[in-house]
1. Quick check: at a probe of 1.4 Å, how many percent of the accessible area of the chain sits on carbon and sulfur atoms?
2. With charges set only on the Cβ (+1 for Lys and Arg, -1 for Asp and Glu), what does the dipole of the chain come to about its Cα centre, in debye to the nearest 20?
3. Ile366: accessible area at probe 1.4 Å, nearest 10 Å²?
4. Between Leu393 and Phe207, take the C-beta separation as r, use R0 = 60 Å, and let me know the FRET efficiency to the nearest 0.05.
5. Counting only heavy atoms of the protein chains, get the accessible area per residue of the chain (1.4 Å probe) and round it to a whole Å² value.
6. For the chain, what does the helix formula give at 222 nm: sum of -39500 (n - 2.57) over DSSP H segments with n ≥ 4, over the residue count, nearest 500 deg cm²/dmol?
7. Could you tell me the number of lysine pairs in the chain with C-alpha atoms less than 29 Å from each other, where the two lysines are 8 or more residues apart or belong to different chains?
8. Starting from the amide H of Leu384, placed 1.01 Å from N in the peptide plane, find each other amide H under 5 Å away whose residue is 5 or more places distant or on another chain.
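The values are calculated or read from the model by the stated rules, or taken from the named source; none is laboratory data. Note that the coordinates shown come from a computational prediction; the quantities given were computed from them, not determined experimentally. All Cβ positions, glycine included, derive from the backbone under ideal geometry; neighbour counts span all protein chains shown. The area values use the complete protein model at the heavy-atom level, side chains included, leaving out ligands, DNA and RNA. Shrake-Rupley method; radii C 1.70, N 1.55, O 1.52, S 1.80 Å.
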Amino acid sequence: MNFKPVFHVIAWLLGVVGLLMGVCGLVSFLHGESARVWSALGYSAAGTVGAAVLLWLPTRNEQELSRRDGLGVVAFGWLLAGLAGSAPFLLSGVITSPVAALFETVSGMTTTGASVIPVLENVPKGLLLWRSMSQLIGGMGVLILVVAILPFAGAGGMQLYRAEMPGPSKDRIEPRVASTAKMLWGVYLLLIVALIILLRLGGVTWFDAVCHAFTTMATGGFSTRTASVGAFQSVYVETVLIVFMLLAGINFALHYRLLRGEFSAWWRDAEMRFFLAVFIVATLAGTIGLHQARAASGLEWSGALRQVGFTCASLMTTTGFATADYDQWPALLKTMLVLLMLMGGCAGSTAGGLKAGRVHVMVKSIFREIRLFMQPQAVIPVRLGRKSLDDELLLAIVSFIALFGVVTLAGVLAMIPFTADIETAATSAITCMANAGPGFAAVGPACNYASVPEAGQAILIALMLIGRLELYTVLAVFMPAFWRK
């Protein structure tokens, strides 16, 4: 790894983070909040920008980033951004534990949405905005923004783009990678603005609309209310959020092509069709199951559909908003929700998880192996849409899924000593690895992660970073070859 070009880009990243903290500090000041709150944001912003300048000056160079350098920027950049972003929580006194403050910030920047703050209504607006802002920059990726705005994006920008973008598909939608990054962020911001307007039309305050739009399109799930979206008690708001959560879970390149007039782009994409099919089937099956379980208590079909539809959209896009305490649902439905979290959204979206494309290919590969068992001489290709996948790509996908499972299992085992029961241990590790947020039992939608001891929170921080950066980026740092020049 070449340290100068790596930390030069990280300096720019920290500069962006510091400026956004400064914006939140200004909002806090204009809302008349206490000096401790806006000064905490202001001092953190100044310190982060100052550190960025001190790091930028000695690392100026014209060296192009290699693939290893791109991995280094992403791995160390996210960690340093998390450390910087945790300062306002500590200085304001909203969170007193450094580990818990880092947990909250990393949860925001990885768009996990797991929180250690018990009552959000007591948190000042400046810090609520910073929580949402951390998910805004984490969703599409602040490094993709850096690629879009910096003049050296053409020199090594593709390495950052490939290391940062989630999912197996990282194709450019414009000839230059900087143009691609600008288009992705343009679509991202356009959808955010549209969502803010629609939420405001539904009676949501401007502040709540902005915060929820940031965290919806980032599939992050941080809310301004302790009861999450359920606090609004609005079918309109829930319906709008379902639509936009699903949009956020679809490859943003498809949205761009649709805006350019390629109206069949969505339906031609096999991964998107599979993603929506899973959502529809899960919603219908879950509605039937919940209605049967709760019919005696007076739950109507419309109420069951409303609860299940929102919950399925929220968890399969790894957003993590809640309108119902799904921890009280039947065990079979809870198992279905865990599987939806693990699958996640589409490649090139802001959602976490394994990605629908990988799961789709894995399912097709299993059926192919069953057919080959019966017909050993047959030639049966695995297709994704009209594209036939070669065995090398199939092996890469299966290997990724296997590694994802091994790391998740290791996380579950590591969490057992720090939790009261196996359900809490398992779902806390799974949801952090999938960047989905709430789990079940002590970390369910009606609870939070404050009860997890600091050692457990540290493990979950690592899982959030590994999940957001899709395993290889983080694990590569521990390989000796990564450090060789």
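1. 67
2. Rounded to the nearest 20 debye, it is 1040 debye.
3. Ile366 exposes around 90 Å² with every protein chain in place.
4. For R0 = 60 Å, the calculated efficiency reads 0.85.
5. Per-residue value: 41 Å².
6. Helix-only estimate at 222 nm: -21000 deg cm²/dmol.
7. Lysine pairs satisfying the spacing and distance rule in the chain number 15.
8. Leu389
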